[in-house]
Every structure is written in C-alpha cells, then in structure tokens.
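Notes follow once the structure below has been shown.
The values are calculated or read from the model by the stated rules, or taken from the named source; none is laboratory data. Computed from a prediction, not measured in an experiment: that's the story for all the values here. Note that each Cβ is placed from the backbone with ideal geometry, even for glycine, and that neighbours are counted across all protein chains shown.
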Amino acid sequence: MKALSMRPLWLSLSLALALCAGIAAADRFSLPLPWWGAFFLLSLFGTGLCAFYRRMALIFFLIPALFCLGGMRLQLAADGYDALPHQAAGANLVVEGTLSEKRGTFTGEGGTMGRYVMDLTSYRYGDDDRTYPGKGRAYVTVPDGPDVGDTLRITGQSKPLTYYKNDGMYDARHRDREKDIWLRIFGKEGGAVQVLSEPVGIRALLQDLKTALTKRYDAVLGPDYAPVLSSLLFGGHYDELPPGLLEAFSTTGLIHILSVSGSHVALLLAVLQVIGRAAGLRGTPLFVLSAAFLLLYSALADFTSPVVRASIMGSLSAFSLTARRDYTAGHALALAVMAMLLYSPYLFFDLSFRLSCSASAGIVLCYKRITTILSFLPEFLRNCLSVSLSAQVLVVPLLLGAFFSFPVYSLLANVVVAPVLDLVMVLGLGASVLSLLYDAGADLILFGVKPLLALALKGNAFIAALPGSRLWAGQPSLWAWFSWYLLVGFVFFRSLRKKIFLPLIISLAVSWMMRPSGPGVLIFDAGRDQATAIIYEDRSADLWYNKSRFSNPDQAAVVVIPALRANGIFRLRRCVVEGEERAYTEALFQKAFTFLKGPGKGEIPYRGVTAVPQTFSGEPLLWELRSLDAWDGKSFPASALGTVVYEGFRGQGAAAEWGEAADSYGVPAYIPSRDGQLRLFRHRGQWRLSTFIEEDL
C-alpha cells in the first residue's frame, strides 16, 4: 500500500523535474520556438493515443510533453528578451521610468549614490527629440535619495550589460533575463535626474507601510538591531547589516533566514491558523484570512520567488483544510514549481529558488525516514534535527556549487539559534500587525524582542567562531552532483538500492578522476584588473594581482576570490599586489586564504611579463603579456603554447594587431575580457589550454 501511495507523488515530482530539464536544455541548446512546439504537440498526441496504457503514456509521452513545454516556454522568454532594444545600450540616453527596487548604496567621488532597478516607460537618444516606448528594465545609478515607486527622468551615459566569465561567479546573466533588465545608465547630480512623480495607489500604500514599520523598529530597537529585524521579516536592508554578521550567518548556514524564504511563510501560516481557530473561524473564513495575509506579506516582501512558492503551497494547504481534501505537500510543491516556472522560466536558474525547492523536496521525501532513524531522541530534538537534516539532504551540492563550502555546525545552529529567531519573527510579525491598531502594545512586544534577538546573534557568532566551522571543498563537477543524488537515493530508498548501486559506483569513480588535480595556471577575467594564479601539485598557489584605479575597490573579493575557491584553491604561498589600493586588496586576500611558507612544487610552462620582450625563448610556454604599449610589432613567441594579452592604453588596436601576428604563426592568442577565464592544465602528460567559454559550451 505504501508503494502504491507513493506513485502519485513520484508522478507529480517527475513532471516538475521534466519541466525543469526542458528549461535547462533550451538554455543550453537554443532551438527555434516552432521546433519545441512541434515536439510538444507530438508528445501530447502520443499521450492521448496511448491513454489506455497509462504507464507507457507516462514514460514515453507525458514526461516528454512536460520536457518540451519547459523548452518551449524558455525559448519564448529568450526570444522576448532578445527583442528588447539592446541597440540603444551604449548611447547617451534620456530615460523615464518608475523605480521598482533599491539594490544598495555606495560612496563615490560625487557623494552617496544609490543603485536601483527601473521599469522603463520611454527613452530617447540625447541628440534626438523622438521618444520610443520603453521596454524591460534598467539598472540606474543616481545620487541617493529617491524612494522606490518614484517616477524619474534620467539623462546619462548608458552601457550594455557585461558579465565576468569565470568559475564561481554569481549567475547575474539569468537573473537579468528573468527581470528583463537589459541596460545600465548613470545619472549625476543637477538636471540629469528629475523626479516626475511620487508613488500612488497600492504601491504607495505598501511603501508607506514598510517605511512606518522600519521607523518603529529603529525607534525601539536602535540602529544595531532594527536592520536585522527588518531583514528577518521582509528581507533587504543588507547594506545596513555589519559584514561580520553576514559572514557569521553564512558560516553557520543560517543565511537564508535573513532573506525571506518559505520558513517565514510557514511560520505566518501556522500563527494565522492558531489565531483564526482561537477566534472561532473555520472553513472558508479561515482560508480567506490566511490567503489575504499571505498576499499582503508577499507584497511587503516584494514577491520574492521563495515567498511566492511557499505562499502557493501554503494557500493550497489552507484550501485543503477548507475543501476537506488531501493535497499532500509533495503535490503542492510540484504544482507551485510548475506554475512559477511556466510564468517565469528563468526562475529555474535563481539560487534562492533552487535552494527553497530542494529543501522543501528534501523534507517531503526524507523527513519521515530520518524521524524513524532518530526515534531514540526526545520528540522536540528529534523533530528539529529531522527537519534540519531532511532540508539539507538535497541542497548540499547547491551549497558547494554556490559557496564552495559546507557549514559544519549547521545542525547545531538550527537546533540552538533558529528556534530563537523563529520566535523573534513571530513576535516581530505580531508587533507589526498590532502597530496598526495599538502603538503602545507593539512597542512593548518589540522591547521583548530585543534581548531575544541579541541572544540569537551572539549565539550564532559563537558557533561561527568555533574551529573548523566550514568544510571547504570547491565547486563540484556535474558527476559529483550526480553521485550525491544517487547516494541519497541509495541511503533513503531501499527498494531502489539494487538499481542504483552500479551507477553510483561508476559515477563516484568518474567524479574522483575528474577532480581538480596537478599543477597549472588560471588567468581570470577581472575587468580592468588583472589576476593570475600559478597552481602547484598540492593545490596551493602563487597569486599576482594588478589593481586598476578605475575598477571596483572590492573587485578582488567579488571576482577573483570566488573564482579561486571554485577551483579548490584555499591556500596561497605568495600574493603580489600591484597598482592602486594595494594595502586594502592585500588585506582581502589575507583574510580569505591560508598562507603557506616556501615555494611550491611543479614545473609549469608559463611566463608572465609586464612588457613585450625584444626576444623570446624557443620553449613551448604560455606567455602572459600584461601590456602591449611598448611592442614594436615584430617580436613574437613563435613556439609558444599560447599568448594572453590585454587591451591597454592603445585600446583594441594593439590587441587586434597581436592577434593577426598570432594567426600568422599559428599560435592561439587570448584576451580574458573576450574569452573569459583561461586554464592551463596537464592532461595525460600533455599541457593543454581551455577558456571559460569553451568549457561552458
């Protein structure tokens, strides 16, 4: 009976996975939309034709139909994004639109600047009176001051979106496609930025409500705790949080609590059910109350994907109580995932969406099994550990892929700190609702929240400071991902063990052979900066970094350090920083890596020079030429494995001339800003070169 009851659940999850697989395939292999549509219709026809043979229809037609539907939906979204007016990027523009999101602030030469996302309503070229209808969204940087919901006119220089092509980078490309962001524009003080109107309607009401709540938190909790409570309840405010606090939450694996997630919605729904039943509400009135508060909370949390997913699941659960039907969590999860992906297919690539869905799926599939294993523990401790373990079972590869480490003390933090933060969130939400009716009562609750919040933050910081709090592992390969999920199936599903055993052994062997090993060189795409790592046999490295005064002060932290960690580099032997802000950049590397003494072992065919030499040796080396300004146009390493050059003060012309010379000698010429990260590695006794773009394809 148990096996039979699991079949509908596996069917729901299989269909959701098929839709996800179709989206991933369409992103990798771009096929014309009519092709996807034809395959989809063919699968539907086969499903109807074989409806009598249900199992065969499921295997051969229904799952392919969802696969094709996912591919068709992604291709439709990609075609829509490509149809945006990308040709305008790079020109001097006058744009009008409404600010929909504030991403943070920074201090520059012109004072405090704000970064926003703008919904474009119109644009025109600076030297043209013709106005074009706006499409999509843009990143705008203006003097800090405008509020979300304001309508602005901005005159400034626009730029197309560019992305760094290195391992370990945040997937900004898919994020921008999800939000239809295609432009970046910079406005300065004076007439370049004009406020045309302030927010009105529902948007203004929500903005005023969030502002009023934030001010109340500030008045009662003070500047140390108010931003933390705001982040716990509604997300955002990350630029107001101390970097040490964010690092501590990341170390303990509780960083998801600071961004609104499904746990927030589950807490809210549970509280609403208790309050509603205490007030005598049942059936439809209780469902309407729950759905209304979920909608309001989702709006205050800016409809982030985990909240929308959890709200759909919560609404289905609340409706099941009203309709007296059994909508299991697995079916609700599958339905929520498919609905959200059909609405916005690029959500599939969103890390928070993946983590949220994977954690929910882990709870659905593994919670009861883990509870049985931990039956010897007290009920409260057993339930806490079971939820925490089951939520992490499927997210381990995602955590390693995004953060290159696993939080060792995550279970301890989830048992000790998370319940206190859950209580803080419940009390904070209660105070927020009460503030609409009775200010003094809301303040009283917030005064009680303050010591609890302080206790949770100090406890989390203590756990994060314990030795060995992170297990650094680097970015896993696709084979390692496959091995992990096969291992999960082998451990938790006895009926599948015989079928899984051989594929598990094979995938483990392949992932072990494909692990990063041996000496080599990594040359990164660091924008205006330059960065090269020479890697030795023990996976330690020497790092050379040249800092440009025109680049982001934290460029090393956001580009190079993640790329090194993704490649399993956590120890440095030498770190040479040249250029601007040397002390600050050196401090970033000192904090991020363990430093070893002595030279590394390994003969590597690489030479890095600051200028083009007059003569080259005849050895087959990889030559990195950090400047072409003094090149005479004649000298060239004809026997080189390859050359790496940069677009310096002479611009693209020098790099183009060098490329022509390289072609004449049959030597590869690479430019990091064009080709992305370059890797020199040894394979079967031969030195080889590969670029990020080649590996990505």
Next on the checklist: Out of everything in the stretch 514-563 that is out of contact with any helix residue (DSSP H, G or I) (no Cβ under 9 Å at 6 or more places or on another chain), hydrophobic (A, V, I, L, M, F, W, C) and within 20 Å of Gln475 (Cα to Cα), what residue ends up being surrounded by the fewest Cβ atoms within 10 Å (Cβ to Cβ)?
Outcome noted: Val558
Checklist entry - Mind checking which pairs have a first residue in the stretch 433-448 that is in a loop (DSSP other than H, G, I, E, B) and a second that is of a type in the set (Lys, Arg), Cβ under 7 Å, 6 or more apart or different chains? => result Ser435/Arg216
Next on the checklist: Suppose we filter Ile154, Ile181 for residues that are within 18 Å of the chain's Cα centre (by Cα) and either among the aliphatic types (A, V, I, L, M) or under 24 Å from Asp443 (Cα atoms) (or both); which single one remains?
Outcome noted: Ile181
Next on the checklist: Going residue by residue through the stretch 60-82, is there one that turns out to be outside the structural domain of Leu341 (by the TED database) and modelled with pLDDT under 80?
Outcome noted: yes
Item to check | Residue that is modelled with the lowest pLDDT [pool: residues in the stretch 668-697 that are farther than 18 Å from Val609 by Cα and among the aliphatic types (A, V, I, L, M)] | outcome: Leu697
Item to check | Flag if Val667 is under 24 Å from Val577 (Cβ atoms) and not assigned by the TED database to the domain that holds Ala557 | outcome: no
Next on the checklist: Of the conditions (1) at pLDDT 90 or above; (2) touching a Ser or Thr at 6+ places or on another chain (Cβ under 6 Å); (3) of a type outside the set (A, V, I, L, M, F, W, C), Ser344 satisfies every one except a single condition; which number is it?
Outcome noted: (2)
Next on the checklist: Based on this model, can you work out whether Ala440 counts as under 32 Å from the mean Cα position of the chain (by Cα) and on the phi < 0 side of the Ramachandran plot?
Outcome noted: no
Checklist entry - If only one of Gly114, Gly104 is modelled with pLDDT under 90, in contact with a helix residue (DSSP H, G or I) (Cβ under 6 Å, 6 or more places away or on another chain) and not assigned by the TED database to the domain that holds Tyr343, which one is it? => result Gly104
Checklist entry - Based on what the data block shows, is Arg674 closer than 18 Å to Ser627 by Cβ and either touching a helix residue (DSSP H, G or I) at 6+ places or on another chain (Cβ under 7 Å) or not hydroxyl-bearing (Ser, Thr, Tyr) (or both)? => result yes
Item to check | Filter result for Leu296 (over 29 Å from the mean Cα position of the chain (by Cα), more than 23 Å from Lys450 (Cβ to Cβ), modelled with pLDDT under 85 and not in a loop (DSSP other than H, G, I, E, B)) | outcome: no
Checklist entry - In the stretch 624-634, is there at least one residue being surrounded by 20 or more Cβ atoms within 10 Å (Cβ to Cβ), of a type outside the set (Lys, Arg) and modelled with pLDDT of 90 or more? => result yes
Next on the checklist: Quick check on this structure: which one of Val612, Val644 is out of contact with any Pro (no Cβ under 8 Å at 6 or more places or on another chain), among the aliphatic types (A, V, I, L, M) and under 18 Å from Asn546 (Cβ atoms)?
Outcome noted: Val612
Checklist outcome for this item: Over the stretch 213-228, the set of residues of a type in the set (Phe, Trp, Tyr) and over 16 Å from Gly244 (Cα atoms) is Tyr217
Checklist entry - When you scan the stretch 632-653, how many residues do you find that are closer than 25 Å to Arg528 by Cβ and in contact with a strand residue (DSSP E or B) (Cβ under 8 Å, 6 or more places away or on another chain)? => result 5
Next on the checklist: Are there strands (runs of 3 or more DSSP E) fully within the stretch 563-662 with at least 1 residues that are out of contact with any Asp or Glu (no Cβ under 8 Å at 6 or more places or on another chain)? List them.
Outcome noted: 571-579, 622-625, 642-645
